[in-house]
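Q: Before anything else, here's the structure in question.
The values are calculated or read from the model by the stated rules, or taken from the named source; none is laboratory data. The shown structure was predicted, so the numbers you read here are calculated from the model rather than taken from an experiment. Here the Cβ positions follow ideal geometry from the backbone for every residue, glycine too, while neighbour counts run over all protein chains shown. The area values use the complete protein model at the heavy-atom level, side chains included, leaving out ligands, DNA and RNA. Shrake-Rupley method; radii C 1.70, N 1.55, O 1.52, S 1.80 Å.
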Amino acid sequence: MIKLGQKSDAKDLRPRIIGVGVFFVVGLLVLSINLYRLMVVRYEEFNALSVDNQFKDVRLRAPRGLIRDRRGEVLVDARPSLDVFITPAFCQKCAAEVIPRLAEVLQWDEEQRARVEALVKAAHGPQRYQPLIASVDISREAFDQLLARQFLLPGVDLEPVPHRSYRAGPTLAHILGYMNEITQDELTRLNGSAERPPYALGDYIGRRGVERSFEHELRGTDGWVKHVVNARGEVMRDARGNVLRGGQSVSPAPGRNVVLSLDARLQAEAERAFPGTAGAVIAIETKTGFIRAIVSRPAFDPNEMTGRVSPKRLGQLNQDPLQPMVFRAGAEHYHPGSTFKLVTLLAALQAGTVTPSSQVGCNGGYTLGSRRWRCHNERGHGLVDAKRAVQVSCDTYFYRASDQLGIDPIATMGKAFGLGAITNLGVAAEVPGVMPDSAYHHKVTPGGYTKGMALNTAIGQGDVNVTPLQLAVLYSAIGNKGRVLQPQIVQRLESPDGKTLEAFSAKLVREIPMTDDQHRLLIDALISVVNEPGGTATRIRSNEYTIAGKTGTAQVARLGQVRLKKEQMDYFERDHAWFASFAPAEDPELTVVVLNEHGGHGGSDAAPTAAAVFAKYFELKKADSFALGEEWIPPRPPKPVLFAKPAAAPPEVSEPGLAGDVPPPPETTVQASPPAPGGGQ
Amino acid sequence: MELSAERRSVSQMPWLVLLATVLTAAVGIYNLASASRPPSAPMWSSQIAYFFVGAAVAAVVAWVDPKLLERLAIPIYLVNLGALVALKFFGHKAKGAESWFVLGPLRVQPAEFMKIGMLLMLAKYFQDDFRPQQPAYGFLRLIPPAVIALIPTGLVLVQPDLGTALMMAFTTMTVLLFARPTVAVWIVLGVLALAGVGVLWNDYVRTQATEPRFTVIRHKLKKHQDARITGWLDPTSDLKGSNYHAMQSKIAVGSGGVNGKGWMEGTQTGLRYLPEQHTDFIFSVFAEEQGYLKCVGLLVLYALLLLGALGVAATAKDRFGAFVAVGVAAMIFWQVFENIGMVTGLLPITGITLPLMSYGGSSMVSVLTGIGLLVNVSLKRQRSTL
């Protein structure tokens, strides 16, 4: 086989083989030097990067603080809600199969389905690994159905998530507020450039009420834990299924509890006792301004608003002619009617145009120039002094007083009491109302200010508008000898374990100077409304404590803008019934203001609610002091008075001065018997 | 006589090569067990099977009569070429390249075997064309080997399998330079190399005032190819996109440190930050878990293998044997250099396996076939002297 002659000698190749060997060795040396550079010299840098790689910061949500009442009763807490999440990256055939299946089980409408589709489609890049909320708070049955079909739903996760629970439903809805998903704008604004942004997409944030105003305190600070993740961002688990964690973690700091000055028991009674379709009840501590109970009706259900409300339902709420979203206690204003007369009286007393004893003859009206302003009692009240004028709510007395004063001293006094400006309750939206003066009329009324406007204002009509909250502040100030306090509803903030972190105290806004005599006169007049024959609210007289109060029946301005159905027309044309009061009169503790919107008349349709609230307040006070082992000092009973059958009905006023042609509504006859809670004398 | 020949041939086995091969393959299987740890399928067991298949092939190749091998060079070369062409029509497309034949449960990568055919063919040419009076090769005499190499390299390039094509080109270049070209050839090649660097510099590095920049070949490249070169020259660019793999691989290697994170402890590996971590990026797994010292150890194993192969070449009795041995050594060297260079960011990312370490039957069998050739060459010396 082998022919020696053809055999080639390969010996000449040896030097070049050595050359190739040297080249190979140099090549491998280059590799090892490069490895040295990476693995030894730059080790720290790459090691840090590999640690960064494998850990993902996972947020541990801080439990949101509770909202409690003054006695610790829980008003708002959390309950587990079953939520559906979609992670776009893992959701195969999402739009074609997964979303239709979800839509079927969860009974989504077309709109909801389109929303989820758009949401999934919008996710790009790393966002695709972020779970998106597809549906919140699904039913147990739907949850079970989805669970059974989970293999058909790639990328869909079902998780129990804590949701806010408003235990009393619509009660206090405007005060407590609600929560919903944070918007992109808010996210940008609130997170700023923080390294650990406090909010994430899909988080809920407080809307309205305490939830909004105390968002920062309630929210707490989320914690962080490092989870081991793979290159796809999936959280890794050990053999037992436990999530692998690494590095340092930061525990979440739970939110603070917000303790309200409300008493849930008194609140419940106010809700129960308030008969109106719409309106407000406010019970406020006369000497501190802390709110004990606040009703604003109609209301919405914050449970419904938190998360699951559909745009359709939201539209319904917003178009409801009764406007359940409006916070009537502070964000809607009304003519105060006769409850305003105390302001006119004090202004006149301080100006010296009337004295406690000066009398005015009422013949059923007052003539100014060529026009006549009618008193609600067409037959007239005869000779009335200041106290009597308040007791029987004689319009003529106040027409005359304002004729002498002009509008500006009245406006100045009203503003001193806080009218025309928001009260700074803080937790809910407020409107300032209107306290007109001559400058105001020159600005907004065609033809400018005329004296007639002062006459209308004097009896709480015309352009003067107040919120129930303002009136509560005003009557507290009267009971408090001129001390105007800021209303407050948050009493303190406490740590999750119940320790007080910050307690709020009464805030004095200003003090209206008044003499003892002037103060005495106002109190006496208000006592006589409830407790003396002829008063407009004698039906609520109590024999255990003295209620001082004033009725009001405010004529409603025509609602021209909203077209109403015929059956609604009647309702919306009815008068507002007011009652503003405090007790015990000689040393007031609680101020109660009731507004029964389109409810009728102050004495019959507002005052009884206040009476029920006072009764409950003193009952609770007594029970609590026994429970605490404290000595119970009962309030002083009112002076005994002999009630005779009234000769004439002492009705009450609601004269729209400007619209003299409109007949004033008849005031219900106040029954001159003492059917007050607590029994007869 | 027969008996003594047997005994003698056993004594002439390239022990160094075999030892380095077995050790490297063992390290490879050990490393693969970590790279393919759960939840991946445990690939190390199939890799053992591939090793034995490759060893059997190597044994056959080693014991084939060298003269027969030499005569078979042309048919082997042509069959392989045919396979590459057929790939264009019957190939299985995976990851954008037609590189595979699917034969029942097997997937065969013809390019892996083409390398061997090409080496045999080159060796045969240099055996046949040897002129003792005219030992240096000028341009004319280098044309046939260049054509022998360019045809398969071109076919592999259009698959497209840039990594293997480059490796084949570098291997051919090494063999040609080994064949003692004339000074003129050296000079021309040197100028061409400089021109290549110049083009690269012009197209990618130089800041140009004019927009669009004046480029020589850059505008002809496909976007992903362009991105790889950009990423290679500027490792910090586009880390989330085209440069992601290069960066993750460097992180894996760099974070290994001197002693490594430990077997099965690599986080880049375990959490699948690496692409192709069983095959092309297997070295980053090894580096991350075993550390610098053992990486150097692995390079030393490769060095021993290469030097052993060159030893076989040096003792070969004819030019065919010497060229086969040098060719196999060059093939292994360039694969190692390209692969580790790519994993560590020294070279742009191209698909190439690391001999004896990467998972895959074709790669394993082709490397072991090369080793079989080395054994064959090593044994041939004894037989031919008989």
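Q: Please work out which residue is farthest from the other protein chains (Cβ to nearest Cβ), limiting yourself to segment A:84-128 and to residues that are open to solvent by 80 Å² or more (accessible area, probe 1.4 Å) and under 19 Å from A:Gln184 (Cα atoms).
A: Here the answer is A:Arg115.
Q: While we're looking at this one, here's another question. Among the numbered criteria (1) within 12 Å of chain A (Cβ to nearest Cβ); (2) β-branched (Val, Ile, Thr); (3) more than 30 Å from B:Val102 (Cβ to Cβ), which one does B:Val375 miss?
A: Exception for B:Val375: condition (1).
Q: Need at least 2 residues that are without any contact (Cβ under 8 Å) to a residue 24 or more places away in the chain and under 30 Å from B:Ile76 (Cβ atoms) per element, so show me which helices (runs of 4 or more DSSP H) inside segment B:120-225 make the cut, counting only ones lying wholly within it. Show your work before the answer.
A: Numbers: elements: B:139-157, B:162-178, B:183-200.
So the answer is B:139-157, B:162-178.
Q: Hey, another quick one. Of A:Ser81, A:Ser50, which residue is surrounded by 15 or more Cβ atoms within 10 Å (Cβ to Cβ), of a type in the set (Ser, Thr, Tyr) and under 42 Å from the mean Cα position of the chain (by Cα)? Step through it out loud before you land on a result.
A: Details: A:Ser50 fails: under 42 Å from the mean Cα position of the chain (by Cα).
Just a single option satisfies the conditions, and that option is A:Ser81.
Q: Identify the single condition in (1) free of Cβ contacts under 8 Å to residues at least 12 places away in the same chain; (2) under 30 Å from A:Ser505 (Cβ atoms) that A:Arg14 does not satisfy, given that it satisfies every other one.
A: (2)
Q: Which members of segment A:560-612 meet the condition of being surrounded by 24 or more Cβ atoms within 10 Å (Cβ to Cβ), outside any helix (DSSP H, G or I), small (Gly, Ala, Ser) and modelled with pLDDT under 95?
A: Across segment A:560-612, the qualifying residues are A:Ala577, A:Ala583, A:Gly599, A:Ala606.
Q: Moving to a separate point now. For B:Gly297, state whether it is within 20 Å of A:Leu35 (Cα to Cα), open to solvent by 30 Å² or more (accessible area, probe 1.4 Å) and more than 9 Å from every other protein chain (Cβ to nearest Cβ).
A: Values: within 20 Å of A:Leu35 (Cα to Cα): yes; open to solvent by 30 Å² or more (accessible area, probe 1.4 Å): yes; more than 9 Å from every other protein chain (Cβ to nearest Cβ): yes.
Taking the combined requirement at face value, the residue satisfies it.
Q: Oh, and also: Go through segment A:496-515 and report how many residues are outside any strand (DSSP E or B), over 21 Å from the mean Cα position of the chain (by Cα) and surrounded by fewer than 13 Cβ atoms within 10 Å (Cβ to Cβ).
A: Taking segment A:496-515 first, the residues outside any strand (DSSP E or B) are A:496-499, A:504-507, A:512-515.
Retained after the next criterion (residues that are over 21 Å from the mean Cα position of the chain (by Cα)): A:496-499, A:512-515.
Still in the list and also surrounded by fewer than 13 Cβ atoms within 10 Å (Cβ to Cβ): A:497-499, A:513, A:515.
Within segment A:496-515, residues that are outside any strand (DSSP E or B), over 21 Å from the mean Cα position of the chain (by Cα) and surrounded by fewer than 13 Cβ atoms within 10 Å (Cβ to Cβ) number 5.
Q: Checking the condition open to solvent by less than 10 Å² (accessible area, probe 1.4 Å), assigned to a helix (DSSP H, G or I), under 15 Å from A:Val20 (Cα atoms) and not charged (D, E, K, R), which residue from B:Phe337, B:Phe333 passes?
A: Values: B:Phe337 fails: open to solvent by less than 10 Å² (accessible area, probe 1.4 Å).
Sole residue among the options that is open to solvent by less than 10 Å² (accessible area, probe 1.4 Å), assigned to a helix (DSSP H, G or I), under 15 Å from A:Val20 (Cα atoms) and not charged (D, E, K, R): B:Phe333.
Q: Go over the candidates A:Gly479, A:Gly433, A:Gly460, A:Gly452 one by one and state the one that is out of contact with any Ser or Thr (no Cβ under 9 Å at 6 or more places or on another chain) and either at pLDDT 95 or above or among the small types (Gly, Ala, Ser) (or both). Full working, then the answer.
A: Working: A:Gly479 fails: out of contact with any Ser or Thr (no Cβ under 9 Å at 6 or more places or on another chain); A:Gly433 fails: out of contact with any Ser or Thr (no Cβ under 9 Å at 6 or more places or on another chain); A:Gly460 fails: out of contact with any Ser or Thr (no Cβ under 9 Å at 6 or more places or on another chain).
The conditions single out A:Gly452.
Q: More than 14 Å from chain B (Cβ to nearest Cβ), in a loop (DSSP other than H, G, I, E, B), open to solvent by 20 Å² or more (accessible area, probe 1.4 Å) and modelled with pLDDT under 75: does that describe A:Arg240? Give the steps one after another, and end with the answer.
A: On the way: more than 14 Å from chain B (Cβ to nearest Cβ): yes; in a loop (DSSP other than H, G, I, E, B): yes; open to solvent by 20 Å² or more (accessible area, probe 1.4 Å): yes; modelled with pLDDT under 75: yes.
Answer is yes for this residue.
Q: So is B:His278 closer than 26 Å to A:Val41 by Cβ, in contact (Cβ under 8 Å) with a residue 40 or more places away in the chain and either open to solvent by 30 Å² or more (accessible area, probe 1.4 Å) or at the interface with another protein chain (Cβ under 8 Å from one of its Cβ atoms) (or both) or not?
A: No, not satisfied.
Q: List the number of the failed condition for B:Val258; all other conditions in (1) more than 7 Å from every other protein chain (Cβ to nearest Cβ); (2) in contact (Cβ under 8 Å) with a residue 24 or more places away in the chain hold.
A: (1)
Q: Taking the options B:Gln248, B:Gln268, name whichever one is farther than 30 Å from B:Gly117 by Cβ and more than 7 Å from chain A (Cβ to nearest Cβ).
A: B:Gln248
Each row is one residue, and each column tells you yes or no for (1) within 22 Å of A:Leu66 (Cα to Cα); (2) among the hydrophobic types (A, V, I, L, M, F, W, C); (3) open to solvent by less than 30 Å² (accessible area, probe 1.4 Å); (4) in a helix (DSSP H, G or I).
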site	(1), (2), (3), (4)
A:Thr171	yes, no, no, no
A:Thr188	no, no, no, yes
A:Gly202	yes, no, yes, no
A:Arg212	yes, no, no, yes
A:Leu218	yes, yes, yes, yes
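Q: So which residues in segment A:431-464 are in contact with a Phe, Trp or Tyr (Cβ under 8 Å, 6 or more places away or on another chain) and closer than 23 Å to A:Leu508 by Cα?
A: Matches in segment A:431-464: A:Val434 only.
Q: Could I ask something else about it? Please state which one of A:Val20, A:Val58, A:Val26, A:Val30 is at the interface with chain B (Cβ under 7 Å from one of its Cβ atoms), of a type in the set (Val, Ile, Thr) and at negative phi. Full working, then the answer.
A: Working: A:Val58 fails: at the interface with chain B (Cβ under 7 Å from one of its Cβ atoms); A:Val26 fails: at the interface with chain B (Cβ under 7 Å from one of its Cβ atoms); A:Val30 fails: at the interface with chain B (Cβ under 7 Å from one of its Cβ atoms).
Being at the interface with chain B (Cβ under 7 Å from one of its Cβ atoms), of a type in the set (Val, Ile, Thr) and at negative phi holds for just one of A:Val20, A:Val58, A:Val26, A:Val30, which is A:Val20.
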